[in-house]
Amino acid sequence: MGKYTNFRDYEHFVGRWWMLTGFALLLAVPAAICVVYDAWPPLTWVLEGLLGVAPIYWTVGTIEVLTYVPMLGTGGSYLGFFTGNLTSLKVPCALNAMESAGVEPGTEEGEVISTIAIGVSSLVTTAVIALGVLMLSSIRGFIESPALQPAFDNILPALFGPLAVVYVSKNWRVAMAPLVFMVVLFVCVPSLASSVGVLVPVGAIIAIAAARILYKKGLV
């Protein structure tokens, strides 16, 4: 670890360098394509495109850091944000692994289990994607058929449905407040479906407030 006597400081040092390396590699791919084909988009087009999406991604990114880092710990957070797909894959894997191991998020044991779970999830995901690309190319027409489109539209609900049942069943009184609020909100304003990431902390705040009220009344 060199000059770092504290493992946590060394963990942050390595994590920051990996994040910077990943950022550079992400930019290197489109830059290389532009160089090879000599096709550079006008700067005004790039700025116009960023103006529409950057504020949303910056907001969601900030919210995910504040929401997920306490759950995943230092190592798990760096690895999870580096490999991506936190909401639909890395966070559920980490939470299920910690629950199976009987450890709590925010503890040293929880951080170790979280980091291992996210690492294994990343390796398995990479292997599955590689095999999928090789195998599914032969049945691409069948997969893209209109008959199967409803199934692909419901992948996320199918993933989070069983996960929600597990956690809601543990304390359904606390879960009802954010659940009812979100259902009513999305029914009244369907356009907010594209802003789910921004509403995650709102649901968390409602759940915390509901838990506090129920705790004072002795119901949890």
To the nearest Å, what is the center-to-center distance of the range 32-46 and the range 132-192, using C-alpha atoms only? 37
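Using the Kyte-Doolittle scale, find the helices of the chain whose mean hydropathy is at least 0.5 and whose Cα atoms extend 18 Å or more along the helix's long axis, counting only whole DSSP H runs. Don't jump to the answer; show the numbers that get you there.
Working: long enough: 7-37 (45 Å, 0.96); 43-83 (40 Å, 1.03); 108-136 (41 Å, 1.56); 155-170 (24 Å, 1.58); 172-188 (23 Å, 2.18); 196-216 (30 Å, 1.87).
Helices meeting the criterion: 7-37, 43-83, 108-136, 155-170, 172-188, 196-216.
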Scan (1) 20.9, 68; (2) 19.8, 79; (3) 18.0, 55 for the value of Rg and Dmax of the Cα atoms in Å calculated from this model and give just the label. (1)
Among 103, 46, 166, which one shows the biggest mean-square fluctuation in a GNM of the chain, springs joining Cα atoms closer than 10 Å? 46
If you take the beta carbon distance between residue 101 and residue 127 as r and set R0 to 22 Å, what does 1/(1 + (r/R0)^6) give as a FRET efficiency, to the nearest 0.05? 0.40
Ranked by GNM mean-square fluctuation in the chain (Cα springs under 10 Å), the top entry among 36, 184, 200 is 36
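With a 1.4 Å probe and all protein chains left in place, how much of the accessible area of the chain comes from carbon and sulfur atoms, in whole percent?
On the way: 11400 of 15350 Å².
That share works out to 74 percent.
With a ≥ b ≥ c taken as the square roots of the eigenvalues of the C-alpha gyration tensor of the range 95-220, please select rounded if a/c is under 1.5 and otherwise prolate if a/b is larger than b/c or oblate if it is not?
Values: a/c = 2.86, a/b = 1.38, b/c = 2.07.
Cα axes put the range 95-220 in the oblate bin.
Hey, can you find the accessible area per residue of the range 1-158 for me, probe 1.4 Å, expressed in square angstrom? It would help to have the intermediate numbers written out before the result.
Details: 11140 Å² over 158 residues.
I get 70 Å² per residue for the range 1-158.
The values are calculated or read from the model by the stated rules, or taken from the named source; none is laboratory data. What you see is a predicted model, and the numbers here were worked out from it, not measured in a lab. Please note: Cβ atoms are built from the backbone with ideal geometry, for glycine as well, and neighbour counts cover all protein chains shown. These accessible areas exclude ligands, DNA and RNA; they are computed on the full protein's heavy atoms, side chains included. Shrake-Rupley method; radii C 1.70, N 1.55, O 1.52, S 1.80 Å.
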